[in-house]
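Novice: Please see the structure below; I have some questions.
The values are calculated or read from the model by the stated rules, or taken from the named source; none is laboratory data. Predicted model, so just to flag it, every value in this text is computed and none were measured. Glycine gets a Cβ as well: all are built from the backbone with ideal geometry, and neighbour counts include every protein chain shown.
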Amino acid sequence: MNTSTSVTKRGLSLVAVAIAALALVGCAPAVTAPVTPTASDVWIKAVPELMDGMAMTGVFMTLENPTDEDIELVGATNTTEGLTEKPLETHEVVKNAAGEMVMQETEGGIVIPAQGSVTLKPGGYHVMYWDLLKPIPVGSTVTLTLEFSNGTTLDVEAVAREIANANETYDPEADAEGSTEMNH
Amino acid sequence: MSPHTPPKTDDSSRVSRRGFLLTAGVATGALAVGAVGVTAAVNNGTTGPAVAPGATEVVPFYGVHQAGIDTPPQSSGTFLGWTLKPGTDRETVRRMMRLLTDDAARLTQGEAALPDNDPYLATNPARLTATFGFGPGFFQKLGLSAEAPAGFAELPAFSIDKLQPEYSGGDLLIQLGSDDPLTLSHAVRQLTRTARSFATVAWSQSGFTRDQGTAPAGQTGRNLFGQVDGTVNPRRADEFAAQVWATGSPSWFDGGTSMVLRRIEMNLDTWDKLDEGAKELSVGRKLSNGAPLTGENEFDAPDLAAKDASGLHVIPTFAHMRRAKTDNPHEKFLRRPLNYDDGIHADGRTNAGLLFAAYMANIKTQYVPVQQRLSDLDLLNTWTTPIGSAVFALPPGCQAGGYIGEGLLA
């Protein structure tokens, strides 16, 4: 899988400022570039055929944070050509007022604890693909870029896997932005 | 980043396949028994009691050959035959084999598959192996018939056969074995979930043999007739190289092997009518320890010329052992059978027999002549009936990042 990291322009400019400050002051505390979390076992629930023109699915993975500060996964961008035009969202699954497990958009991102990890899995956190324009066959790969709260990004490749669950109901009551009830 | 986490077990708890071969050749000469404990003792340099095979014992997945062939037989095994879905092309099969390889590489090392809804069932591999093979239909459907291994084809029809389609044929083989039946069931389920996106199941056959921890030391395993079965197997690495591993025909198949799987129904009820002497004459070996009727111990060479006081051959002309035995080095192969016992038929007959799995470099030159002799004359045919038959080409092993069959499909 591709786990090459890319430091955003914002991250680079911070480093540049820090180096400039060091040059000026000469004895300022060392400032290092922001660290990109690592991703492993990245997979996406396969969508062998588009159903009723309302196809969606979730991406799952384990994220590790080697730093001493919490980092949040705040967003993701699809980089697979022609797969969707809708922005991706980070979702969580919660119990709604009726006691049902439903998914909603995550507020403030998915926390990767300092010196720890978080696993996105069915029934929990996931990155949501909306309005798929083509199927995702079992065994094919999808590429996306993860975006983190410290300004770093990470390109990942998700392998499409068949699984029976990961069918959480989308609850419009639990998410102000939601408008319909769907499966993914 | 490697997609596979390194195995968590330490090296001392592993039985390497090479270690097994060396150990079996030196110490016991037995394929089915004792290897784990003996290897542990050798590795530790101690003479203490043999260590029972552990739940976390791991057989390496990656290597020159696929695991599950020269691996000492596990106590439980399942063979799954699959039919590729219509319209399956080479690109689709590449995806399938990549996913199956990934599942196998994880599960055999005691890790959950990706994904796995029951990850806690994956933690006791107990020597789990997963082995893959391609049937004649696989080569035909993918336009790869010219790449089929030398001598690889469906077996000719034998007069003794009463083959049933529900136990015969198949485009893809998944062979699984473990010393823990729960682990085996979980692995079957995970690999089935992956395979069924690409293929439909043709048959599923499960069997068993004695657990390595309870089998008598120094003796080959027994079948349901009580016979010691598999005495003449290759054991040393040079014997495997000569009999089992293919070379140069074609080159992508180097380190692979061909497999014959025969489901042989055994009529335990009519076998029960024989006394011990008649049973021994049918095979030419003693039931007590598998020794030839002309010898004392299992691995004694039989004397086929020996006659008794009345001038009859001590090992009869119709005996299974005489009919199967050959001095032709090209007619030898590995037998790795499992017993099956699927309960009792509605009419009261036992539904039991042997999943006879044999592995050889070339089916046509090594296996067919032996099977033909047994079909022509073998007293054991009185109590046995082949009811299923399939052949598969088992590609060589692969390294991390690769997949089984890549030499053919890439």
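Novice: Determine if segment B:338-346 includes at least one residue that is in contact (Cβ under 8 Å) with a residue 12 or more places away in the chain, within 23 Å of B:PRO149 (Cβ to Cβ) and either in contact with a strand residue (DSSP E or B) (Cβ under 8 Å, 6 or more places away or on another chain) or not charged (D, E, K, R) (or both).
Specialist: Going through segment B:338-346, the residues in contact (Cβ under 8 Å) with a residue 12 or more places away in the chain turn out to be B:338-341.
Next, only the ones that are within 23 Å of B:PRO149 (Cβ to Cβ) stay: none.
No; the residues of segment B:338-346 include none that is in contact (Cβ under 8 Å) with a residue 12 or more places away in the chain, within 23 Å of B:PRO149 (Cβ to Cβ) and either in contact with a strand residue (DSSP E or B) (Cβ under 8 Å, 6 or more places away or on another chain) or not charged (D, E, K, R) (or both).
Novice: Also, quick follow-up: Being among the small types (Gly, Ala, Ser) and part of a strand (DSSP E or B) is the filter here; which residues of segment B:350-392 pass it? It would help to see each step written out before you state the result.
Specialist: Residues of segment B:350-392 that are among the small types (Gly, Ala, Ser), as a first pass: B:352-353, B:357-358, B:361, B:375, B:388-390.
Scanning segment B:350-392 gives B:ALA352, B:GLY353, B:ALA357, B:ALA358, B:GLY388, B:SER389, B:ALA390.
Novice: Here is a list of conditions, (1) under 23 Å from A:ASN165 (Cβ atoms); (2) in a loop (DSSP other than H, G, I, E, B); (3) more than 9 Å from every other protein chain (Cβ to nearest Cβ), and B:PRO115 meets all of them except one; can you say which number that is?
Specialist: Condition not satisfied by B:PRO115: (3).
Novice: Residues that are more than 13 Å from chain B (Cβ to nearest Cβ) and modelled with pLDDT of 90 or more: find the strands (runs of 3 or more DSSP E) completely inside segment A:1-81 holding 3 or more of those. Show your work before the answer.
Specialist: Values: elements: A:5-7, A:38-45, A:57-65, A:71-78.
Answer list for segment A:1-81: A:71-78.
Novice: Continuing with the same structure: Read through the list (1) under 27 Å from the mean Cα position of the chain (by Cα); (2) modelled with pLDDT under 95, then give the number of the only condition that B:ALA309 fails.
Specialist: If we test B:ALA309 against (1) under 27 Å from the mean Cα position of the chain (by Cα); (2) modelled with pLDDT under 95, just (1) comes out false.
Novice: If you don't mind, another one. Among the listed residues B:LEU128, B:LEU142, identify the single one that is modelled with pLDDT of 95 or more, more than 25 Å from B:PRO369 (Cα to Cα) and either among the aromatic types (Phe, Trp, Tyr) or surrounded by 22 or more Cβ atoms within 10 Å (Cβ to Cβ) (or both).
Specialist: B:LEU128
Novice: So, one more: Within segment B:97-110, track down each residue that is more than 10 Å from chain A (Cβ to nearest Cβ) and within 24 Å of A:GLY123 (Cβ to Cβ).
Specialist: To start, the set of residues in segment B:97-110 that are more than 10 Å from chain A (Cβ to nearest Cβ) comprises B:101, B:104-105, B:107-110.
Matches in segment B:97-110: B:LEU107, B:GLY110.
Novice: I'm trying to understand the selection: among the residues of segment B:210-263, which are at pLDDT below 95, surrounded by 16 or more Cβ atoms within 10 Å (Cβ to Cβ) and on the phi > 0 side of the Ramachandran plot?
Specialist: Listed by number, the residues that qualify are B:GLY218, B:GLY230.
Novice: For B:ALA202, state whether it is more than 14 Å from chain A (Cβ to nearest Cβ) and touching a Phe, Trp or Tyr at 6+ places or on another chain (Cβ under 7 Å).
Specialist: Details: more than 14 Å from chain A (Cβ to nearest Cβ): yes; touching a Phe, Trp or Tyr at 6+ places or on another chain (Cβ under 7 Å): yes.
Yes: the conditions hold for B:ALA202.
Novice: State whether the residues of segment A:138-147 include one that is at pLDDT 95 or above, in a loop (DSSP other than H, G, I, E, B) and away from every other protein chain (no Cβ under 14 Å). Give the derivation first.
Specialist: Step one: list which residues in segment A:138-147 are at pLDDT 95 or above, which gives A:138-147.
This time we only want the ones that are in a loop (DSSP other than H, G, I, E, B), so: A:138-140.
Add one more test, that the residue is away from every other protein chain (no Cβ under 14 Å), and what stays is none.
No, every residue in segment A:138-147 fails to be at pLDDT 95 or above, in a loop (DSSP other than H, G, I, E, B) and away from every other protein chain (no Cβ under 14 Å).
Novice: Among B:ALA32, B:ALA40, which is the only one that is assigned to a loop (DSSP other than H, G, I, E, B), small (Gly, Ala, Ser), surrounded by 21 or more Cβ atoms within 10 Å (Cβ to Cβ) and at pLDDT below 85? Reasoning before the result, please.
Specialist: Details: B:ALA40 fails: assigned to a loop (DSSP other than H, G, I, E, B).
Matching residue, one of B:ALA32, B:ALA40: B:ALA32.
Novice: Is it true that A:LEU132 is of a type in the set (A, V, I, L, M), touching a strand residue (DSSP E or B) at 6+ places or on another chain (Cβ under 8 Å) and in contact (Cβ under 8 Å) with a residue 24 or more places away in the chain? Explain how you work it out, then say what you get.
Specialist: Values: of a type in the set (A, V, I, L, M): yes; touching a strand residue (DSSP E or B) at 6+ places or on another chain (Cβ under 8 Å): yes; in contact (Cβ under 8 Å) with a residue 24 or more places away in the chain: yes.
Here the answer is yes, as A:LEU132 does meet what is asked.
Novice: I've got another one for you. Any idea which residue in segment A:148-171 is farthest from the other protein chains (Cβ to nearest Cβ), counting only those that are at pLDDT below 95 and over 24 Å from B:VAL93 (Cα atoms)?
Specialist: So the first thing to find is which residues in segment A:148-171 are at pLDDT below 95, and the list is A:162-171.
Filter again for over 24 Å from B:VAL93 (Cα atoms), leaving A:165-171.
Working: A:ASN165: 6, A:ALA166: 8, A:ASN167: 12, A:GLU168: 14, A:THR169: 18, A:TYR170: 21, A:ASP171: 23 Å.
Step by step, filter segment A:148-171, then rank; the result is A:ASP171.
Novice: Mind checking whether some residue in segment B:180-190 is over 25 Å from B:GLU57 (Cα atoms) and in contact with a Lys or Arg (Cβ under 9 Å, 6 or more places away or on another chain)? Show your work before the answer.
Specialist: Taking segment B:180-190 as the starting set, the residues that turn out to be over 25 Å from B:GLU57 (Cα atoms) are none.
Scanning segment B:180-190, I find no residue that is over 25 Å from B:GLU57 (Cα atoms) and in contact with a Lys or Arg (Cβ under 9 Å, 6 or more places away or on another chain), so the answer is no.
Novice: Would you check if there is a residue in segment B:316-334 being in contact with a strand residue (DSSP E or B) (Cβ under 6 Å, 6 or more places away or on another chain), polar (S, T, N, Q) and touching a residue at least 24 places away in the same chain (Cβ under 8 Å)?
Specialist: Within segment B:316-334, not a single residue is in contact with a strand residue (DSSP E or B) (Cβ under 6 Å, 6 or more places away or on another chain), polar (S, T, N, Q) and touching a residue at least 24 places away in the same chain (Cβ under 8 Å).
Novice: Next question, about the same structure. List the residue pairs whose Cβ atoms are under 6 Å apart, where the first residue sits in segment B:258-280 and is in contact (Cβ under 8 Å) with a residue 24 or more places away in the chain, the second is among the β-branched types (Val, Ile, Thr), and the two are 6 or more positions apart or on different chains.
Specialist: Once the first residue is in contact (Cβ under 8 Å) with a residue 24 or more places away in the chain and sits in segment B:258-280, its partners that are among the β-branched types (Val, Ile, Thr) give B:SER258/B:ILE363; B:VAL260/B:VAL391; B:ARG263/B:ILE387; B:ILE264/B:THR384; B:GLU265/B:THR385; B:GLU265/B:ILE387; B:MET266/B:THR384; B:LEU268/B:THR350.
Novice: For segment B:312-349, what are the residues that are over 28 Å from B:ARG235 (Cβ atoms) and part of a loop (DSSP other than H, G, I, E, B)?
Specialist: Across segment B:312-349, the qualifying residues are B:LEU312, B:THR317, B:PHE318, B:HIS345, B:ALA346, B:ASP347, B:GLY348, B:ARG349.
Novice: Condition check: more than 16 Å from the chain's Cα centre (by Cα), surrounded by fewer than 23 Cβ atoms within 10 Å (Cβ to Cβ), away from chain A (no Cβ under 14 Å) and not in a helix (DSSP H, G or I). Does B:GLU166 satisfy that?
Specialist: Details: more than 16 Å from the chain's Cα centre (by Cα): yes; surrounded by fewer than 23 Cβ atoms within 10 Å (Cβ to Cβ): yes; away from chain A (no Cβ under 14 Å): yes; not in a helix (DSSP H, G or I): no.
So B:GLU166 does not fit the description; no.
Novice: Determine if segment A:111-132 includes at least one residue that is at pLDDT 95 or above, within 14 Å of chain B (Cβ to nearest Cβ), surrounded by fewer than 17 Cβ atoms within 10 Å (Cβ to Cβ) and not in a loop (DSSP other than H, G, I, E, B).
Specialist: yes
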